[in-house]
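The values are calculated or read from the model by the stated rules, or taken from the named source; none is laboratory data. Because the structure is a prediction, the values reported are computed rather than measured. Backbone-built Cβ (ideal geometry, glycine too); neighbour counts: all protein chains shown. Calculation scope for accessible area: heavy atoms of the full protein, side chains included, ligands and nucleic acids excluded. Shrake-Rupley method; radii C 1.70, N 1.55, O 1.52, S 1.80 Å.
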Amino acid sequence: MFRTQLCSLLGIEVPIFAAPMGFVTGPGLAAVVSNAGGLGIMSFSGNPPPVLREEIRRLRSLTDKPFGVNVLLTGPHLPFPVEAVVDLCLEEQVPVLSTFWGDPTPYVARAHAAGVKVIDQVGSVADAQRAARAGVDAIVAQGVEAGGHVAGEVTTIALVPRVVDAVAPIPVVAAGGIADARGLVAALALGAQAVAIGTRLIATLEAYAHPVYKQKVLVATEDQTVRTTLFGYGWPNAPHRTLRTPFVERWLPEEGRGSEQRPDEPRIGETKIGGQPVPLLRFMGFPPTPDASGDLESMDFLAGQGVGLVKDIKPAAEVLQELVEGARQIIIQLATGVEN
Ligand SMILES: Cc1cc2nc3c(=O)[nH]c(=O)nc-3n(C[C@H](O)[C@H](O)[C@H](O)COP(=O)(O)O)c2cc1C
């Protein structure tokens, strides 16, 4: 019932992607979503190429289904070489290279030559057209209600059909605010051929998120997120949607401070990247993983407006199953005009 043309193109069973979430969508979460019939897209998470290679191989050992690896093309001033990371993904022949925050044009022909499909995430019609001209295989239209870094200013319900019309026949995936079966059906009705789900999947057993982060996602409501540039240390002036914690409320009036890259910002804790300890300074945009320690309350709890719909922590495969089953029931009800 839900196998769209994009599902056939990618060799997946259900039109649901685990959105790449920096640090949070690791091999574990990506693999269970792929094993459940969707497309798990692992984030490269700032890992240096040798560590990323190990992560890709770990993901491959956990699933024999298609998966993706996400790379940010520009933006963070983290010590990672985009070219080397893309080359590595192509060498490893990941089924899907997912790109965000930059122009995918230089990479598409190389990816296709390596047998790798490219899916670019955008936040506007203009960027969708650029991706279409570049020859990508599918485009994720990300609405402004999404969690994490947000590319545009238009809501999912307004953006998706505009992108669908602008890039037809290239398949479009809806992202931003989709957290249950109603959102999935709505996205399909807008012309999307799949959905990419981020925030809902933070509250799963397999998400690589600190227990405090998962708990905050459970209790937050849709009006408790903000689109800001506050966590701009290392990635200045890049809008992201995060939870309005007391720390965020305290600093929002001085939002620009977060992008100043002041070397004297206090150290608030520590985390690990690629297994190595990394000090966390105030305003760094690392959502807390189980490796994070220190003053968690000052960290970046990236989440979208769909957070209000997230009420329980469960295995990601169950989330997918509920989405598919719930969507099937809604569609039957709509088609038969049964009152509920
Ligand atoms: C914690 C978090 C981290 C994210 N990191 C990335 C990333 O590294 N690369 C990327 O392309 N998108 C990233 N995103 C955006 C997602 O790919 C997706 O657009 C978004 O989660 C969809 O909206 P939703 O959160 O309302 O489901 C992130 C989102 C979240 C919540």
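Tabulated results
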quantity: Amide H partners (placed H, <5 Å) of I16, local residues excluded; calculated: L39, V195
quantity: HN-Hα J in Hz across the range 201-212 - Karplus 6.51, -1.76, 1.60, θ = phi - 60°, x for Gly and Pro; calculated: 7, 4, 8, 10, 4, 8, 5, 8, 10, 4, x, 5
quantity: D_trans [Stokes-Einstein, Kirkwood Rh over alpha-carbon pairs] for the range 1-118, 10 °C, 1.306 mPa s, µm² s⁻¹; calculated: 112
quantity: Radius 13 Å from Cβ of D264, net charge of other residues (Lys, Arg +1; Asp, Glu -1); calculated: +2
quantity: Lys pairs, the chain - Cα-Cα below 16 angstrom, 8 or more residues apart or on other chains; calculated: 5
quantity: Neighbourhood net charge (13 Å Cβ-Cβ; Lys/Arg +1, Asp/Glu -1) for V154; calculated: -1
quantity: For the chain, convex hull of alpha carbons as volume per residue, Å³; calculated: 122
quantity: Fraction of accessible area attributable to carbon and sulfur, the chain (%, probe 1.4 Å); calculated: 54
quantity: Nonlocal amide H pairs with T99, under 5 Å, H built at 1.01 Å; calculated: V71, I119, D120, Q121
quantity: Heavy-atom accessible area ranking, 1.4 Å probe, most first, across S98, S61, S124, S293; calculated: S61, S293, S124, S98
quantity: Cα centroid separation, the range 151-212 to the range 284-329 (Å); calculated: 14
quantity: Between the range 4-37 and the range 247-263, the Cα center-to-center distance that results, in Å; calculated: 35
quantity: Accessible area, probe 1.4 Å, largest first, for residues K311, K216, K65; calculated: K311, K65, K216
quantity: Cα gyration tensor, the range 200-276 - rounded (a/c under 1.5), prolate or oblate; calculated: oblate
quantity: The range 5-207: translational diffusion in µm²/s, Stokes-Einstein, Kirkwood Rh over Cα pairs, 25 °C, 0.890 mPa s; calculated: 150
quantity: Net charge over other residues, Cβ less than 15 angstrom from the Cβ of P66 (K, R count +1; D, E count -1); calculated: 0
